[in-house]
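Notes for the one structure printed next.
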Amino acid sequence: MIEPEFSSMSKTELRAFVIAHSDNKAAFRAFVDRFTSEASPETFDIPKSNAEIEEVEILIKQKLEQLNNS
């Protein structure tokens, strides 16, 4: 079987291909590489108190509102 050109596929197309061909390791690696290359490099510590958890919840809600308004 000739491998398709994964780099020319959209992320949606690549995801569909990986789902349809779950045994194709090259497709899976291409999908993971694409996903991780687009992921934010930002990392956060785990909240250590209820106050920190509430602060994180507020920040998440603010970010979701920004995304919904754009």
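The values are calculated or read from the model by the stated rules, or taken from the named source; none is laboratory data. As the structure is a prediction and not an experimental result, all values here were calculated from the model. Neighbour counts run over all protein chains shown; Cβ positions are idealised from the backbone, glycine included. These area figures cover heavy atoms from the full protein model, side chains too; ligands, DNA and RNA do not enter into them. Shrake-Rupley method; radii C 1.70, N 1.55, O 1.52, S 1.80 Å.
Data for the structure
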read-out: Among the candidates Lys48, Lys63, residue that is basic (Lys, Arg) and under 19 Å from the mean Cα position of the chain (by Cα); value: Lys63
read-out: One residue from Ile46, Ile58, Ile2 being among the hydrophobic types (A, V, I, L, M, F, W, C) and at pLDDT 90 or above; value: Ile58
read-out: Tabulated pairs, segment 54-67, first within 14 Å of Phe44 (Cβ to Cβ), second open to solvent by less than 100 Å² (accessible area, probe 1.4 Å), C-beta under 7 angstrom, 6+ apart or interchain; value: Val56/Pro47
read-out: Odd one out for Leu67 among (1) surrounded by fewer than 11 Cβ atoms within 10 Å (Cβ to Cβ); (2) touching an Asp or Glu at 6+ places or on another chain (Cβ under 9 Å); value: (2)
read-out: Residue that is least open to solvent (accessible area, probe 1.4 Å), among those in segment 15-50 that are over 20 Å from Pro4 (Cα atoms) and of a type in the set (A, V, I, L, M); value: Ala39
